[in-house]
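Heads up: the structure comes next, in structure tokens.
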Amino acid sequence: MINENGLRVDGRKPNELRLIKMEVGVLSNADGSAYIEQGKNKILAAVYGPREVHPRHLALPDRALLRCRYHMAPFSVEERKSPAPSRREIELSKVIKEALEPAIFLEKFPRTSIDIFIEVLQADGGTRCAGTTVAALALADAGVPMRDLVVACAAGKVDGVIVLDLNDIEDKEGEADVPVAYMPNLGLISLLQMDGSLTIEEFNQSLNLAMDGCKQIYKFQKEALKARYVTIKEEVEECLR
Amino acid sequence: MSNTKRSGEFIVPGERIGVIEEFIPNFGTYVQDGVIYSRNVGYLSFDSATRKVSVYPVAKGLSFPKIGSIVVGHVVNIQGLTAFMRVVKVGKKNLSGFLTGALHVSDIDARYTKEVLNAVKVGDLVRAKVISDANRILHLTTKGENLGVILALCSKCGGTLLLKNRKSKKLYCGECGNFETRKIASDYGAGNM
């Protein structure tokens, strides 16, 4: 998995991210939306709300209900995936929801819901992280007040080497995977999972590497928002002229 | 401070703006442990006279009604003294979903209204103003010239109710000639949402 030059299957160095492209405001009917390409991952996120909760009994009297649906398109993986939500997708919906929840001022919108839809169009490992990152962008695009953006990245162990941002092969063949969601300005971690086995030392190393990765991705997030709104401002000024 | 921010700078949620000893936090910001952070995507603004710091949002703007917002919705239910409205538009923005608001008889008109059904009926399109969010329910009013029913249907045949003339404020059905009363807005039937 790691060649004699210390490079990984896709030619990256151990602490190197995949190529990232982000775009904000890609869907016209959603209140907020964003798109991310991270290596071969292609993910869309849409945010609707705050709006009334249906079914009504789910509404919370003191804050908004955050709902999240992570879904993989049938064509997103090599072998056709059944479009019905699998056990894994239900779990990821839950963990992504819980990763984003502390960043949002939910108490400003009692008795409403904020719905996030994450659609994986093409998957190549690390979709829960890329999905969290893109959902945070879509929330910011919707104008939902937030404490911080949330950015996620994984680190893990492949062939005895601690590596950043695992792809599908590394995730499956490697020894361990540690996805981390992080609020970079507040320095808080809102998602931390691990599969495989690591020593305490290796774990600490992976965690720090993943947080470093998050900080790098955060810069792309900020750029994506800036690219979206600075062009809007220019368009408005163009119209006024 | 190492990362001093300037007025007019583009800012995203969570960016540190300063501390409460330096500035008075205004809209678009929040304070945690004495530090002021942004909570919107927008442009930073420092008011040097008042020392207020705020973030002007650039996102499409959240379509969540505040007290004083003008909303448009359908009447979906009338229970006793209250009409319930399905609000589909707040300000100039159409909602992706909807919100429910309550319109009480006492808030329908400046004049005395004995029955809700004399002023609004189920299915009417109504423009209203938010007066309160007590108990986290949107309380609406249609008091005022430009507030009230903007489109109504005949309760007998379902035809569109037309305005006889703007002065009399009387509505009649174009299909069956039935006369009805409503608390109408000054631009009833003009097609303005």
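The values are calculated or read from the model by the stated rules, or taken from the named source; none is laboratory data. As the structure is a computational prediction, the values presented were derived from the model and not from experiment. Cβ coordinates were reconstructed from backbone atoms using ideal geometry, including for glycine residues, and neighbour counts include every protein chain displayed. The protein model used for the area step is the full one, side chains on, heavy atoms only, and it has no ligands, DNA or RNA in it. Shrake-Rupley method; radii C 1.70, N 1.55, O 1.52, S 1.80 Å.
Okay, here's what the table says:
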| item | result |
| --- | --- |
| Close pairs from segment A:38-62: first within 13 Å of A:GLY131 (Cα to Cα) and more than 9 Å from chain B (Cβ to nearest Cβ), partner among the basic types (Lys, Arg) and surrounded by fewer than 17 Cβ atoms within 10 Å (Cβ to Cβ), Cβ under 9 Å, at least 6 apart | A:GLN38/A:LYS21 |
| Single condition A:LEU186 does not satisfy, out of (1) crowded, with 24+ Cβ neighbours inside 10 Å; (2) at the interface with chain B (Cβ under 10 Å from one of its Cβ atoms) | (1) |
| Filter result (within 14 Å of chain A (Cβ to nearest Cβ), part of a strand (DSSP E or B) and open to solvent by 80 Å² or more (accessible area, probe 1.4 Å)) within segment B:17-57 | B:TYR56 |
| Output for segment B:157-179, where each listed residue is in a strand (DSSP E or B) and exposed (fewer than 15 other Cβ atoms within 10 Å of the Cβ) | B:THR160, B:PHE179 |
| A:ARG18, sole failed condition from (1) open to solvent by less than 30 Å² (accessible area, probe 1.4 Å); (2) more than 15 Å from A:LEU166 (Cβ to Cβ); (3) not in a strand (DSSP E or B) | (2) |
| Scan of segment B:132-156 for residues that are assigned to a loop (DSSP other than H, G, I, E, B), of a type in the set (S, T, N, Q) and within 27 Å of A:PHE109 (Cβ to Cβ), ordered by number | B:THR142 |
| Lone qualifier among A:LYS81, A:LYS97 - being touching a Cys at 6+ places or on another chain (Cβ under 6 Å), among the charged types (D, E, K, R) and either within 12 Å of chain B (Cβ to nearest Cβ) or open to solvent by 10 Å² or more (accessible area, probe 1.4 Å) (or both) | A:LYS97 |
| Members of segment A:151-163 that are over 26 Å from B:PRO13 (Cα atoms) and either part of a strand (DSSP E or B) or within 14 Å of the chain's Cα centre (by Cα) (or both) | A:GLY156, A:LYS157, A:VAL158, A:VAL161, A:ILE162, A:VAL163 |
| Test: residue in segment A:135-157 that is out of contact with any helix residue (DSSP H, G or I) (no Cβ under 9 Å at 6 or more places or on another chain) and away from every other protein chain (no Cβ under 13 Å) | no |
